[in-house]
1. Any idea which of T8, T31, T98 is over 20 Å from I141 (Cα atoms), in contact with a helix residue (DSSP H, G or I) (Cβ under 9 Å, 6 or more places away or on another chain) and among the polar types (S, T, N, Q)?
2. On the given criteria, is T104 among the hydroxyl-bearing types (S, T, Y) and within 14 Å of T8 (Cβ to Cβ)?
3. Just to be sure I understand the filter: pairs with C-beta atoms under 9 Å, separated by 6 or more residues or on different chains, first member in segment 67-84 and more than 14 Å from T8 (Cα to Cα), second member in a helix (DSSP H, G or I) and hydroxyl-bearing (S, T, Y). Which pairs pass?
4. If I go through segment 29-49 residue by residue, how many of them are exposed (fewer than 13 other Cβ atoms within 10 Å of the Cβ) and at pLDDT 95 or above?
5. Looking at segment 105-151, which of the residues that are free of Cβ contacts under 8 Å to residues at least 40 places away in the same chain, in a helix (DSSP H, G or I) and basic (K, R) is surrounded by the fewest Cβ atoms within 10 Å (Cβ to Cβ)?
6. Against the condition surrounded by 15 or more Cβ atoms within 10 Å (Cβ to Cβ), among the aliphatic types (A, V, I, L, M) and either part of a helix (DSSP H, G or I) or in contact with a strand residue (DSSP E or B) (Cβ under 8 Å, 6 or more places away or on another chain) (or both), how does I101 come out, does it pass?
7. Please verify whether segment 82-89 includes one or more residues that are under 18 Å from the mean Cα position of the chain (by Cα), surrounded by fewer than 19 Cβ atoms within 10 Å (Cβ to Cβ) and at pLDDT below 95.
8. When the residues of segment 61-81 are filtered to those that are hydroxyl-bearing (S, T, Y) and part of a helix (DSSP H, G or I), which remaining residue is surrounded by the most Cβ atoms within 10 Å (Cβ to Cβ)?
Amino acid sequence: MWKLILKTTLIAGSLDITAASIQTYILKGLTPDIVLKFIASGIFGKTAYSGGIEYMLFGLLVHFFIVFMCVITYFYFYPKFPLLNKNILLSSFLVALTAWIVTTKIIIPLSEIQPSPFNLKKDVIAIAILFFCIGIPIALITKRFYSNSLK
């Protein structure tokens with residue numbers, strides 16, 4: 001099971017960081033290194049932006065840790081809540097919404113990052129990216145795992 005959790009983390013985390021990098025490039029013209037330094041700035045503050053590859057790698061590590069926690073949490077709760085195995089789209093949305101709430105309402109306020117004001121369009125896009133890149137892979141892989149383990 002742990003191998004699958006790590007594989008799911010790599011898949012969902014890679015999809016999400018790629019989507020975030022593309023979105024940031026399209027909207028702001030910023031490259032992926034800035035996205036990773038932004039994540040690292042949650043711990044190191046503005047120093048992360050003037051640093052090198054070590055801050056980018058740290059940002060990537062933090063990103064994958066957050067995804068890993070999403071995967072582990074979903075794997076844990078999936079067999080305990082029958083609602084999660086009824087509908088993949090609903091489950092994917094719940095994962096995305098939970099990840100967005102935890103990130104924007106808990107992680108960012110506790111970090112060195114200045115929280116953004118509420119912006120409906122930006123937040124809907126963020127949740128949509130989480131839905132497709134985090135929610136769907138986690139929900140599908142978890143469902144397949146538990147379906148196969150019950151046979």
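1. Numbers: T8 fails: over 20 Å from I141 (Cα atoms); T98 fails: over 20 Å from I141 (Cα atoms).
After applying the criteria, what remains is T31.
2. Numbers: among the hydroxyl-bearing types (S, T, Y): yes; within 14 Å of T8 (Cβ to Cβ): no.
In short, no.
3. These pairs meet every condition: Y78/S91; Y78/T142; Y78/Y146; P79/Y146; L83/S91; L84/Y74; L84/S91; L84/T142.
4. Here is the first cut: in segment 29-49, the residues exposed (fewer than 13 other Cβ atoms within 10 Å of the Cβ) are 29, 31, 45-46.
When the remaining residues are screened for being at pLDDT 95 or above, the result is 29, 31.
Number of matching residues: 2.
5. Within segment 105-151, the first condition is being free of Cβ contacts under 8 Å to residues at least 40 places away in the same chain, and the residues that meet it are 105-106, 109-110, 114-124, 126-128, 131, 144, 147-151.
Checking which are in a helix (DSSP H, G or I) leaves us with 105-106, 109-110, 120-124, 126-128, 131, 144, 147-149.
When the remaining residues are screened for being basic (K, R), the result is 105, 121-122, 144.
Details: K105: 11, K121: 7, K122: 13, R144: 11.
Step by step, filter segment 105-151, then rank; the result is K121.
6. Working: surrounded by 15 or more Cβ atoms within 10 Å (Cβ to Cβ): no; among the aliphatic types (A, V, I, L, M): yes; either part of a helix (DSSP H, G or I) or in contact with a strand residue (DSSP E or B) (Cβ under 8 Å, 6 or more places away or on another chain) (or both): yes.
For I101, the condition - surrounded by 15 or more Cβ atoms within 10 Å (Cβ to Cβ), among the aliphatic types (A, V, I, L, M) and either part of a helix (DSSP H, G or I) or in contact with a strand residue (DSSP E or B) (Cβ under 8 Å, 6 or more places away or on another chain) (or both) - is not met.
7. Filtering segment 82-89 down to residues under 18 Å from the mean Cα position of the chain (by Cα) leaves 88-89.
Of the ones still in play, those that are also surrounded by fewer than 19 Cβ atoms within 10 Å (Cβ to Cβ) are 88-89.
Still in the running and at pLDDT below 95: 88.
Yes, that holds for at least one residue.
8. Applying the first criterion (hydroxyl-bearing (S, T, Y)) to segment 61-81 yields 73-74, 76, 78.
If we keep only those that are part of a helix (DSSP H, G or I) as well, we get 73-74, 76.
Details: T73: 15, Y74: 25, Y76: 11.
Filtering segment 61-81 for residues that are hydroxyl-bearing (S, T, Y) and part of a helix (DSSP H, G or I), the one surrounded by the most Cβ atoms within 10 Å (Cβ to Cβ) comes out as Y74.
The values are calculated or read from the model by the stated rules, or taken from the named source; none is laboratory data. In this text, all values refer to a predicted model and were calculated from it rather than measured experimentally. Every residue, glycine among them, receives a Cβ derived from its backbone with ideal geometry; neighbour counts consider all protein chains shown.
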